[in-house]
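Structure, as structure tokens:
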Amino acid sequence: MTPEDLLTDLRMLNATVFVDGDQLRINAVKGVVTPELREALARHKPALMALLREGPAQDGPGRAPLSFAQQRMWMLDRMSGGSSAYNIAGALRMRGALDVEAIGRAIGEIVRRHAVLRTTFSEEEGEAVQVVHPAVPFELPVTDLSSLPPEECERRARSLAREEAGRPFDIERGPLLRVRLLRTAPDDHLMIATTHHIISDGWSMTAFVAELVALYTAFREGRPSPLPALAIQYADYARWERRHLQGETLEKHLGYWRERLAPPVAALDLPMARARPPVQTEAGAEVRMAVPGDTVAGLRRLAEAKQATLFMVLLAAFKVLLFRHSGQADVLVGTPVANRTRLALEGMIGFFANTLVLRSDLSGNPPFEALLGQVKAAVLDADAHQEIPFDKLVEELHPVRDASRNPFFQAMFVLQHVQDAMPVLPGLEVSAVPRSETGSSRFDLTATFHEKGGPLELIVEYNTDLFERPAIDALLGRFRVLLAGIAKQPELAIGSLPLLPQEERENVLRRWNDTAAPREEAGFVQGFAERAAAEPQAIALGFEGAVLTYGELDARSNRVAHALRARGVGPGALVGLCVERGIDLAVALLGILKAGGAYVPLDPGFPAERLGYMLEDSGASVLVTAADAASGVSLPAGLQVLDLSAEAALIATMSDAAVAGGAAPGDPAYVIYTSGSTGRPKGVAVSHGSLANFLQSMRREPGLGEGTCSPR
């Protein structure tokens, strides 16, 4: 371990190291300085004292390894070829006399202080490295829109803000921080700041603004920077993380996550509008929804009563939403954490945020209150093991990789506490500008709640290659109803909680279910006869180049019906039908129905034993077959056979007039055999009336009628 590494380790342990005369002093909580550290301090004392006398953490040029989080971000960037999905953008409107020189100087000082803001990334000898560049004078670009008409000026400013938020970064060339000032009036400015996630996170943006306020105030008043020097730089943290997360420390955290994430969970499968692309895409959009105040109040009361947090209540509700839409009871959701548990990191800019994988079991239809208890325990346990980066978790646990999905989870949940108080800049009225959409989505679905003291706003970001806007709008409407139901009756089972908005509920239960229609008085046989009489020359059937008109099909099927009547077939009689697919099959089927019988379809491709069983079990009195379609089948005693091939000459002598005395609506039209739950096929009879109703519904939806050709 080098003296620099030792100093970083001590600072990451919240220890203060300083020189007192010719002595090296250390202030730390009892037990922090282990015997091993004391030995290292003694060994490196001269070098440590020299480092401390030199001043703060070195922020000059150099190279450093990537942190684990940066490593994955680097790979994602390489795979996507540069994407705006990982842009972090923010904007402040400043009304009043802005000192442009002072604010530009303040931003330049922030970039000088935080070496990560002048870092790029490259590959050297097969390894990705951080490349820290020297500090150079910062020039704040100013775009003057004040000469434009007010409406056009505002429209142009919003357009430029969207462009900045959505413009990808080149992480190898940099810079990875963009700040731009738009002047919309002499006393009205819009400052847009955009960074790449590989060098920052949400907490970093807060730190950036805090330093901007302090530095702008000082520089505007002609004072020097009031900020203390940084104890460490991000590159120091990256080196420390790689030293720290190994051996017993790594294994302790990995042991928890191995147990928690085993066995593997099936990927989240929500109803989608489109097939999932083979490689994960990042095209996205977002939809917003305000949560009613009475619902928020009820959710807060529930959290307090169960000694939970609002985050836990909302996360549990989100998991219920996913469960109710996917039917999957084992639900994994990702959630970000700041991961700044050490004092040395609190004021730093850099990519420290981590992602926790939170697993819940919703099987057994538990009460929501019980699920909340389970979620609470999972959140607290995961927080205690948050130091292991998500990317290290993926590397060590080897989840099943699928290029079309994020590993472990596909839905992200976020609760952000939005500060009502705006930054105080002297002489300026400052307000936050709602962030611009980047047109991207890192996950299938991300639910972000913004908490502003009392109200809650939900922003759902979704992948537009998977979902369409109307489906997401419907999802938000259901989420609103679900949250209201939880606030009012958290004791209900999760499957009993209300989900559908009133209009959708009315559609599902009443409008779409209102299928009543006048019963078709004429059965299928009568309907066919009327069609044949009306248009005898119209094509009714075609197969492999051969066609039959309605008149020809009517006549041929009538002859078969007379032949069956001669064998005793009438209303209620069952007739086995074992004919290869073709025109003869249609003629025979129609002939059986005209004779008043019910056909029992027998696929010639089925095993002979199965066909024999179906004939025996159904009690069929006649078997209609052709050629050798039923060869090898053991026929029940007394079964009559009408062979369309062997008896073609006899059938041709039969009358082609309609058969009198057909079946009634309640008589069976056919008996279809299912596989049977016991393994033995079971016959299910369908009546002529049911067949007529089915055909009537097919005329309505999908709309079969005159001129429709249905390939079979």
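Observations on the model:
- Protection proxy ranking, highest mean first, for peptides 250-262, 586-598: 586-598, 250-262, where packing is the per-residue count of other beta-carbon atoms within 10 Å, averaged.
- Protection-proxy order for peptides 552-563, 389-400, 219-230, 317-328, each taking the mean of Cβ atoms within 10 Å per residue, highest first: 552-563, 317-328, 389-400, 219-230
- Helix axis angle, 68-80 relative to the chain longest principal axis, alpha carbon, degrees: 50
- Counted by neighbouring Cβ atoms within 10 Å, the residues 625, 515, 309 run from fewest to most as 515, 309, 625.
- Helix axis angle, 247-260 relative to the chain longest principal axis, alpha carbon, degrees: 30
- Under 25 Å from residue 488, Cα to Cα: lysines that are on another chain or at least 8 residues apart: 306, 319, 376, 452
- Convex hull volume of the stretch 530-700 per residue (C-alpha atoms, cubic angstrom): 133
- Taken about its Cα centre, the chain carries a charge dipole of roughly 1080 debye when the Cβ of each Lys and Arg holds +1 and the Cβ of each Asp and Glu holds -1.
- Relative contact order computed over the chain (Cα-Cα under 8 Å; 6+ residues apart), in percent: 12
- Added length on full extension, which subtracts the Cα-Cα distance from 0.36 nm per residue, residue 538 to residue 152: 132.4 nm
- 16 Å reach of a label modelled at residue 405, 7 Å along Cα-to-Cβ, counting backbone N of the stretch 255-286: 261-281
- Between residue 567 and residue 305, the simple spin-label model (points 7 angstrom out along Cα→Cβ) gives 7.2 nm.
- Virtual spin-label span in nm between residue 634 and residue 29, 7 Å along Cα→Cβ: 8.2
- Modelled FRET efficiency - R0 56 Å, residue 214 with residue 258, Cβ distances, 0.05 increments: 0.80
- Remark on the chain: ratio of C-alpha radius of gyration to 2.2 N^0.38 Å is 1.41.
- Efficiency of FRET from Cβ geometry, residue 249 and residue 684, R₀ 51 Å, rounded to 0.05: 0.20
- Of all aspartates and glutamates in the structure, the ones whose alpha carbon falls short of 14 Å from that of residue 682, not counting any fewer than 8 places away in one chain, are 616, 617.
- With Cα atoms, 0 to 90° folded angle of helix 688-700 axis to the chain main axis: 50
- Each peptide in 286-298, 90-102 was scored by the mean count of other Cβ atoms within 10 Å over its residues; highest first, the order is 90-102, 286-298.
- The string of couplings for the stretch 159-174 from the Karplus curve (6.51, -1.76, 1.60, θ = phi - 60°) is 5, 5, 5, 5, 4, 4, 5, x, 7, x, 9, 9, 6, 8, 9, x Hz, one whole number per residue in order, with x for Gly and Pro.
- If the chain linking residue 97 and residue 431 were pulled fully straight, counting 0.36 nm for each residue of separation and taking away their Cα-Cα distance, it would gain 118.8 nm.
- Computed over the stretch 62-235: relative contact order in percent, which uses C-alpha pairs under 8 Å that are six or more apart: 33
- DSSP bridge orientation in the chain - percent antiparallel, rounded to nearest 5: 75
- Each residue of the stretch 264-279 was assigned a 3J(HN,Hα) from its phi angle through the Karplus expression (A = 6.51, B = -1.76, C = 1.60, θ = phi - 60°), giving x, 9, 4, 4, 4, 10, 7, x, 10, 7, 9, 5, 5, x, x, 10 Hz with x at Gly and Pro.
- Taking every C-alpha pair closer than 8 Å and separated by at least 6 residues, the mean separation divided by the residue count of the stretch 526-682 gives a relative contact order of 25 percent.
- Environment charge of residue 302, counting only residues whose C-beta is closer than 14 Å and scoring Lys/Arg +1, Asp/Glu -1: +1
- Computed from the C-beta positions of residue 338 and residue 513, the FRET efficiency with R₀ = 41 Å rounds to 0.25.
- Here the label points at residue 526 and residue 617, each 7 Å from Cα along the C-beta direction, are separated by 3.4 nm in the simple model.
- √(5λ) per eigenvalue of the Cα gyration tensor, the stretch 284-363, largest first, Å: 26, 19, 15
- In sequence order, the stretch 91-104 has phi-based couplings of 9, 10, 9, 10, 9, x, 7, 7, 8, 5, 5, 5, 6, x Hz under the Karplus curve 6.51 cos²θ - 1.76 cosθ + 1.60, θ = phi - 60°, and Gly or Pro positions carry x.
- With neighbours defined as other Cβ atoms within 10 Å of a residue's Cβ, the residues 194, 446 order from fewest to most as 446, 194.
- Under 5 Å from the amide H of residue 456 lie the amide H atoms of 291, each residue being 5 or more positions distant or on a separate chain, with H modelled from the backbone and absent for Pro and chain starts.
- Candidates per trypsin sites (Lys or Arg not before Pro) in the stretch 16-50, loop by DSSP, up to 14 other Cβ within 10 Å: 30
- Taking other C-beta atoms within 10 Å as the exposure proxy, 613, 673 rank 613, 673 from fewest upward.
- Full-extension gain in nm, residue 672 to residue 657, via 0.36 nm per residue minus C-alpha separation: 2.5 nm
Where a number appears in this text, it was derived from the coordinates with a stated rule and is not lab data. Since we're looking at a predicted model, the values are computed, not measured. Methodologically, a virtual Cβ is constructed for each residue, glycine included, from the backbone with ideal geometry; neighbour enumeration extends over all protein chains shown.
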